[in-house]
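Coordinate-derived values only; no laboratory data. Predicted model, so just to flag it, every value in this text is computed and none were measured. Cβ: placed from backbone, ideal geometry, glycine included. Neighbour counts: every protein chain shown.
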Amino acid sequence: MLLHALSIAGSDSGGGAGIQADVKTWSALGVYAMTAITAVTAQNTVGVQAIHKIPLDCIRSQIDSVFSDIRVDAVKIGMLADADIIATVVEALTRWKPPIIVLDPVMVAKGGDHLLEPAAVQALRTLLVPLASVITPNLPEAEVLTGLKVSSLAAMKDASRAILELGARAAVIKGGHLEGQAIDILATPAGCLELPAPRLEARHTHGTGCTLSAAITANLAKGMPLADAVRAAKTYTANAIQHGISLGHGIGPTHHFHDLWKEIH
């Protein structure tokens, strides 16, 4: 059976992150991709030049249009920009009740550009996190969500438990910002699981967070147990990073179709 996933996120004109990364990841993993665009960014390998937020009624209409006609096996949420957009998405998902919601709490682009208004953090924390089957913050995002300083493996575990207390059913805290071996933490009410991986020395990593969360979404839609879904997503993302694409003048994107393209190039 063909599985269908809906990405509710921003558009990256450079094609490496956001909606574009989700569509490419799901296409590579055999899941049909649908989209509800929350914002359009003018973005390339060197940064974000402009952001245009989509009107709320249009965001709502995109979500309703998909759900009213097509079975949605999983939803992934990325850039939401402000509190009003968050509230609109929460209202729609509360009505439609998708079985899986993966939340990537996008706050800052890799180049440092802010993609979530500071006033929206509380709405994200109180309205959206409780809907999440899984939330996938990096360390700076985990600090914003919990108010904790997250600079060690022990602190990552404390932060993951604090995120579960906000209402998420599971949390994957990405440890890429720590020095040494890259260790992610998968937290559920049953406890914390360390997921170590070799640190990759790669320049072209734009869209890494979007790619990982999209891959987790696809794997959960396929019925994988959570830990297996995260491990498989980490492997897929690591391969995409290792084959990152050099383009433009800055940080290029991960290669979502690394397995396919090696057969035709």
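What is the local net charge at residue 125, summed over the other residues whose Cβ is closer than 12 Å to its Cβ (Lys, Arg +1; Asp, Glu -1)? With Lys, Arg at +1 and Asp, Glu at -1, the neighbours total -2.
Among 178, 124, 116, which one moves the most in a GNM of the chain with springs linking Cα atoms closer than 10 Å? Comparing 178, 124, 116 in the GNM, the peak value goes to 178. Among 69, 184, 158, which one shows the biggest mean-square fluctuation in a GNM of the chain, springs joining Cα atoms closer than 10 Å? Most flexible of the set in this elastic network: 69.
Each of 97, 53 was scored by other Cβ atoms within 10 Å of its Cβ. Arranged with the fewest first, they read 97, 53.
Which order results if 210, 58, 192 are arranged by neighbouring Cβ count within 10 Å, fewest first?
So the residues, fewest neighbours to most, are 58, 192, 210.
Shown is the FRET efficiency for residue 68 and residue 239, computed with R0 = 35 Å from the Cβ-Cβ distance and rounded to the nearest 0.05: 0.45.
Just check segment 152-235 against the gyration tensor rule for me: Cα atoms, a ≥ b ≥ c as the square roots of the eigenvalues, rounded for a/c under 1.5, and otherwise prolate or oblate depending on whether a/b exceeds b/c.
It is oblate, given that a/c is not under 1.5 and a/b is not larger than b/c.
Counting only helical runs of four or more DSSP H residues, what would the 222 nm mean residue ellipticity of the chain come to if each run contributes -39,500 (n - 2.57) and the total is spread over all its residues?
Working: 8 runs with 98 residues, N = 265.
The per-residue figure over the chain is -11500 deg cm²/dmol.
Within the listed set 72, 46, 172, the residue fluctuating most in the Gaussian network model of the chain (springs between alpha-carbon atoms under 10 angstrom) is 46. On the basis of the beta-carbon distance and an R0 of 30 Å, residue 50 and residue 87 show a calculated FRET efficiency of 0.80.
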